[in-house]
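Questions regarding the structure given below will be posed in turn.
The values are calculated or read from the model by the stated rules, or taken from the named source; none is laboratory data. What you see is a predicted model, and the numbers here were worked out from it, not measured in a lab. Cβ placement follows ideal geometry from the backbone for every residue including glycine, while neighbour counts extend to all protein chains displayed. Please note that ligands, DNA and RNA were not included when accessible areas were found on the heavy atoms of the full protein model with its side chains. Shrake-Rupley method; radii C 1.70, N 1.55, O 1.52, S 1.80 Å.
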Amino acid sequence: MKIYLFRHAQKAMDFSGDPDLTAEGHAQASKVLDKVLKNELPKPTELWVSPKKRTHSTFRPLSQHFSLPLQINTSLLEQQSDEKLTDFRSRIEKLFESAAEHKDAVIFLCSHYDLVVEAMSIVPSDKDLSDSEFSHWSPCQYIGFDVNKDGIYEFIEFKKVLL
């Protein structure tokens, strides 16, 4: 199975608490689809998003092209103001354990900066994800893993979606 974790594309400045993407962000989302169509990324079988608009918009081109539903998962939300760091980390750990149970899937997950950065200290990987290389994530950046039968996340790639 493969798991690709994406930070959502460039979001608009909006004080509603749930902004959508900018024009550049929508272009990044279309570029993710292009990368799949060019076989630079595998074809997803599942698209997991947080309840926020910007994660939905990041995967909408994939969803529409491949007729895949966006699966809303509250575990992909950013850390909540009343959530302790230990609880946040536990939520992330359970999220990745749940994803790893989908043995034949190619899961694309779209989340938020704080979750993807924190996940680097939690994911049981064959690569040291605490390295400074993984500490900063640009909008629409992603990391890919093959998950082996022992539940180890074998690193594939860490890339930015460039326009």
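Quick one: which of LYS52/LYS160; LYS31/LYS94; LYS84/LYS160; LYS35/LYS149; LYS43/LYS160; LYS2/LYS127 span more than 25 angstrom between C-alpha atoms?
Check vs 25 Å cut-off fails for LYS31/LYS94; LYS84/LYS160; LYS35/LYS149.
Also: By average Cβ neighbour count within 10 Å, what is the ranking of 71-80, 154-163, 103-112 from highest down?
Sorting 71-80, 154-163, 103-112 by mean packing, highest first, produces 103-112, 71-80, 154-163.
How large, in percent, is the carbon and sulfur part of the accessible surface of the chain at a probe radius of 1.4 Å?
On the way: 3920 of 8080 Å².
Taking all protein chains in place, the chain shows 49 percent carbon and sulfur surface.
So what's the net charge close to PRO139: Lys and Arg +1, Asp and Glu -1, counting the other residues with Cβ under 12 Å from its Cβ? Numbers along the way, then the final one.
Working: positive: ARG7, LYS11, LYS31, ARG54, LYS160; negative: GLU24.
Here the count lands on +4.
May I pose another question? If we sort 56-68, 86-98 on the protection proxy, mean other Cβ atoms within 10 Å, highest first, what's the order?
Numbers: 56-68: 18.4, 86-98: 15.5.
By packing density, highest mean first, the sequence is 56-68, 86-98.
Counting Lys and Arg as +1 and Asp and Glu as -1, each charge on the Cβ, what is the dipole of region 1-160 about the Cα centre in debye, to the nearest 20? Don't skip to the answer; put the middle values down first.
On the way: 20 positive and 25 negative charges, 114 e Å.
In total the dipole reaches around 540 debye.
Also, I was wondering about something else. Counting Lys and Arg as +1 and Asp and Glu as -1, each charge on the Cβ, what is the dipole of region 47-98 about the Cα centre in debye, to the nearest 20? All intermediate terms of the calculation are to be shown ahead of the outcome.
Details: 8 positive and 6 negative charges, 49 e Å.
Dipole size: approximately 240 debye.
Okay, next question. Tell me, what is the per residue accessible area of the chain in Å², probe radius 1.4 Å?
Here the residues of the chain average 50 Å² of exposed surface.
Next up: Near ASP104, within a Cβ-to-Cβ distance under 15 Å, what is the net charge of the other residues, with Lys and Arg +1 and Asp and Glu -1? Walk me through the intermediate numbers first.
Working: positive: LYS2, LYS43, LYS103, LYS149; negative: GLU46, GLU101, ASP146.
Taking every Cβ under 15 Å from that of ASP104, the sum is +1.
What value, in deg cm²/dmol to 500, does the helix sum -39500 (n - 2.57) over DSSP H runs of n ≥ 4 give at 222 nm once divided by the residues of the chain? Before the final figure, lay out the partial values.
Working: 4 runs with 52 residues, N = 163.
Calculated from helices alone, the mean residue ellipticity at 222 nm is -10000 deg cm²/dmol.
Okay, next question. Would you mind counting up the charge near GLN79? Only other residues with Cβ under 10 Å from its Cβ, with Lys and Arg at +1 and Asp and Glu at -1.
Details: positive: LYS84, ARG89, ARG91; negative: GLU78, ASP82, GLU83, ASP87, ASP114, GLU118.
Here the count lands on -3.
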